[in-house]
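A.B. asks: Handing you a structure now.
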Amino acid sequence: MTDGATSPAEAGAAAVADLLRRHGEQIAQRWADLPFFQTVFTITRDEAVEACHAVVDSLAAVAESGRVDDLEAVGFRSIREQIVAMTASRARSGLSTAQVDREVGALREAASELLAADASAPGAEEAAETRVQLLTLFATLRVLVVDTMLQENQEIVLRQRQQLLEMATPVIKLWDRLVAVPLIGMLDSARSQVVMENLLEAIVEHKATIAILDITGVSTVDSLVAHHLMKTVASARLMGAECVISGIRPAIAQTIVQLGLDLGPVTTRASLADALEWALERREYKELPSRGNP
C-alpha cells in the first residue's frame, strides 16, 4: 500500500462512522425502546434517548479512529463509564451475562437495518467491508459489556460474601458491658478478621468489659483457628475487655493438646453457661469496691 492510500478496512470504518453520524437520531430513538436502555432509564424516555446519543457518538468516534476492535480506543473508554452503570443495574435486576449480551446484540441489529436501507450506500464490495467493520465494532462493544458485567457480578458476589460473613458472626449484648460472639461452622482467615472487627466495634459501642467467644458450633479447631482466636483475645484486651472462650468440647480439647497449642494465657470454659457464670462473677467482683461505699 502506497503512502496516503486508504485500506478497505479504513474505508469501511469511515463509512460506519458516517452512517452513525447521519443516522444518530434514528438509532438513538430505536435504542431507547430496547430493553438495554429502556429498563435502566425509567424516569423519562428523553433520558434514555440522551444516553443512546452519547453511546452512538462514542461509537462513531471509535469508527473514525479506525480502531473498531480495540477496547482501549478513546471512544470505548468513554462508553465504559456509562456501560458500568447500566450493566450494574441489569445485574441487580437479576439478569445473567448471557441475557445482557443478547440485549446488546439487539443494538447492532438496529444499526445494521439502517445500513441495509441507506440510500447512499456504496457498491457491493464497499458495502461488504462496511458491514464487516460494523459487525466488528459491535462485537467489541459486546466484549466490553460482558467484561464489565463479569466484573460487576464479581463485586456483587464479594459484597454478598461480606454480608454473609457479617450475618454469620453477630455480636450479642448479653448484659450491661457484657457481649458474646457465637461462632458456627468453619473459621477461616477472612471470617476471623470479621469476627475481630465486629467484636472490637461492639466493645467500643457497648463499653464492654467482658467478651465471650463461644465456639460450640465450630466444627474443627486447628492451629490456624487457635491462632486467630488468640489474636482476637489479645485485641480485646488492648481495648480494655477481658475475653473468655467457651464451647471447648472434649474432642477439641484433645486436638489442642495433640497440636501442642498453648492456650495458657486464655481463659476457657466448657460451655456458654459456664462462661456466662464466670463473666457475671467477674462483674460482681469488679463492682464490690463500689458497693462498699456509703
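A.B. asks: Taking the Cα centre of the chain as the origin, how large is its charge dipole in debye, to the nearest 20, when only Lys and Arg (+1) and Asp and Glu (-1) carry charge on their Cβ atoms?
C.D. replies: In total the dipole reaches around 1600 debye.
A.B. asks: Nearest 0.05, what FRET efficiency do Ser223 and Gln193 give at R0 = 30 Å with Cβ-Cβ as r?
C.D. replies: It comes out at approximately 0.95.
A.B. asks: Please list, in chain and number order, the residues 5+ apart from Arg67 or on another chain whose amide H is under 5 Å from its amide H, with Hs placed from the backbone.
C.D. replies: When sequence neighbours closer than 5 places are left aside, there are no close amide H contacts.
A.B. asks: Would you please give the residues with an amide H less than 5 Å from that of Val218, counting only those at least 5 places away or on a separate chain, with H modeled from the backbone geometry?
C.D. replies: Gly185
A.B. asks: Give the Kirkwood hydrodynamic radius (Å, one decimal) of the chain, defined as one over the mean of 1/r across all pairs of different Cα atoms. Don't skip to the end; give the middle numbers.
C.D. replies: Numbers: mean 1/r = 0.0413 Å⁻¹.
About 24.2 Å for the chain.
A.B. asks: Give the long-range amide H neighbours of Glu242: residues separated by 5 or more places, or on another chain, with amide H under 5 Å away, using H modelled in the peptide plane at 1.01 Å from N.
C.D. replies: Under 5 Å from the amide H of Glu242: Ile210, Ala211.
A.B. asks: The stretch 8-160: Rg/Rh from Cα coordinates, Kirkwood Rh? Write out the running numbers ahead of the final one.
C.D. replies: On the way: Rg = 15.4 Å, Rh = 15.7 Å.
Over the Cα atoms of the stretch 8-160, Rg/Rh equals 0.98.
A.B. asks: Using DSSP, restrict attention to beta bridges with both residues in the chain and report what percent are antiparallel, rounded to the nearest 5.
C.D. replies: Percent antiparallel among DSSP bridges in the chain is about 15.
A.B. asks: Further question on the same structure: Taking the highest mean first, how do the peptides 30-39, 253-262, 215-224, 52-61 order by number of other beta carbon atoms within 10 angstrom per residue?
C.D. replies: Packing order, densest peptide first, comes out as 52-61, 30-39, 215-224, 253-262.
A.B. asks: Rank Met196, Leu261, Cys243 by how far each Cα sits towards the positive end of the charge dipole of the stretch 131-272 (+1 on Lys, Arg Cβ; -1 on Asp, Glu Cβ) and give me just the farthest.
C.D. replies: Positive-most Cα among the choices belongs to Met196.
A.B. asks: Relative contact order of the chain: what whole-number percent is it, with Cα pairs under 8 angstrom and at least 6 residues apart?
C.D. replies: Relative contact order of the chain: 13 percent.
A.B. asks: Roughly how many Å is it from the Cα centre of the stretch 31-80 to that of the stretch 249-268, as a whole number?
C.D. replies: Measuring centre to centre over Cα atoms gives 62 Å.
A.B. asks: Now, a different point. If you take every DSSP beta bridge whose two residues both sit in the stretch 152-254, what share of them, in percent to the nearest 5, is antiparallel?
C.D. replies: Of those bridges, close to 20 percent are antiparallel.
A.B. asks: Run the dipole for the stretch 8-160 about the Cα centre, Lys and Arg Cβ at +1, Asp and Glu Cβ at -1, nothing else charged, and hand back the magnitude in debye, nearest 20.
C.D. replies: Magnitude of the dipole: close to 500 debye.
A.B. asks: Quick one: what does P(r) look like for the stretch 172-292 with 10 Å bins over all Cα pairs, in whole %?
C.D. replies: All Cα pairs considered, the percentages come to 13, 47, 31, 7, 1.
A.B. asks: How high is the relative contact order of the stretch 172-292, given as a whole-number percent (alpha carbon pairs under 8 Å, six or more residues apart)?
C.D. replies: 25 percent
A.B. asks: Note down the nm distance, to one decimal, between modelled labels 7 Å out along Cα→Cβ at Glu281 and at Ala9.
C.D. replies: 8.1 nm
A.B. asks: What's the extension gain from Trp175 to Thr39 if we count 0.36 nm per residue and subtract their Cα-Cα distance?
C.D. replies: 44.0 nm
Throughout, read-outs are computed from the coordinates displayed, never taken from laboratory work. Everything numeric here is computed off the predicted structure, so don't read it as measured data. For neighbour counting, all protein chains shown are included, and Cβ atoms are generated from backbone atoms with ideal geometry for every residue, glycine included.
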